[in-house]
1. What chymotrypsin sites (Phe, Trp or Tyr not before Pro) in region 20-65 are in a loop by DSSP, with at most 15 other Cβ atoms within 10 Å of the Cβ?
2. Would you mind counting up the charge near Val77? Only other residues with Cβ under 13 Å from its Cβ, with Lys and Arg at +1 and Asp and Glu at -1.
3. Applying a 10 Å radius around every beta-carbon, put 157-165, 84-92, 197-205, 10-18 in order of their mean neighbour count, most first.
4. Residue separation times 0.36 nm, minus the C-alpha to C-alpha distance between Glu127 and Met85: what's the value?
5. Tally Lys/Arg at +1 and Asp/Glu at -1 over every other residue whose Cβ is under 15 Å from the Cβ of Ile60; what's the total?
6. Along the Cα→Cβ direction, 7 angstrom out, place labels at Ala211 and Arg231. What is the inter-label distance in nm?
7. Assuming R0 = 22 Å, can you tell me the calculated FRET efficiency for the pair Thr102 and Ile135, based on Cβ-Cβ distance, to the nearest 0.05?
8. What net charge is computed for the residues neighbouring Leu104, neighbours being all others with C-beta under 15 Å from the C-beta of Leu104, Lys and Arg scored +1, Asp and Glu -1?
Amino acid sequence: MQHWEILFIFLVIAFVYSSVGFGGGSSYLAVLTLYAFPFQEMKLAALTCNIIVVTGGSIIFIRNNQVNWKKIIPLIVTSVPMAFMGAAIKLEQDTFFIILGTTLIAASVLLWLKNKGNTTGEVTAKEPNYLRDGITGCLVGFLSGLVGIGGGIFLSPVLNLMKWDTPKKIAATASVFILVNSVSGIAGQLSAVSDYINFGRIGMLGAAVLAGGQIGSWMGAVRFNQLVVRRVTALLVFVAGTEVLIRHLHIFD
């Protein structure tokens, strides 16, 4: 693998995902899997790139008063410790990749359902349901930490299907959720990592997604058709998940 190839791919992923308010962790993992990236570095690299991509978007959402802290706190309070716990669990490589492939396919279906069911943006915000939101944060947080993503790709469509709030508020919630759970996931990763980690290599990937994320955020705000981009993203995630499963279930061996 040439370094410039994977850097370019990461730049494109960040460009596409940031244009629809996600970090891209699921696709970073899929690409790292296909390029045989060192197993111990994969989740750490994906979470680091997530943080870089969504930080700017989260700040913008907060400044524009799109974050409803009263509703988002139950999601975060329960998800953060669960993301740490999930990230600290050591999985066998084949087990990890099977879980990853399955969750990628599930995420692609959720993304497509979201796109199909939410085209007008005419949603009335619901009152907080702390028990429901706490359970949702707990489950999504644990799965996110276990797989090594921020969780927005699961949370956003789930909240949309629940008619949790307006599309902009859900996007803001997903962005903040990805940020805090990626930080928690990294903490869990570092508590369990025993092998050598090439932080220089992770830093190069971070620089690539920083560039792609900045461009994508701007383009998404002024030019892209959000519905089309989300559907393309759903298809890409589905293909990536299928490829991961085929490789690690040894279907064609």
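1. Working: sites: Phe22, Tyr28, Tyr35, Phe39, Phe61; in loops: Phe22, Tyr35.
Here the sparse-neighbourhood loop sites are Tyr35.
2. Details: positive: Lys70, Lys71; negative: Asp133.
Net charge in that neighbourhood comes out at +1.
3. 10-18, 157-165, 84-92, 197-205
4. Details: separation 42, 0.36 × 42 = 15.12 nm, distance 2.96 nm.
In short, 12.2 nm is gained.
5. Values: positive: Arg63, Lys168, Lys169; negative: none.
That sum, taken over residues with Cβ under 15 Å, equals +3.
6. Rounded to a tenth, the inter-label distance reads 3.2 nm.
7. Values: r = 21 Å, r/R0 = 0.95.
With R0 = 22 Å, the Cβ-Cβ based efficiency is 0.55.
8. Numbers: positive: Lys43, Arg247; negative: Glu243.
So the surrounding residues net to +1.
A short reminder: the numbers here are calculations on the coordinates, not readings from a lab. Note that the coordinates shown come from a computational prediction; the quantities given were computed from them, not determined experimentally. With ideal geometry, Cβ positions are generated from the backbone for all residues, glycine too; neighbour counts draw on all protein chains shown.
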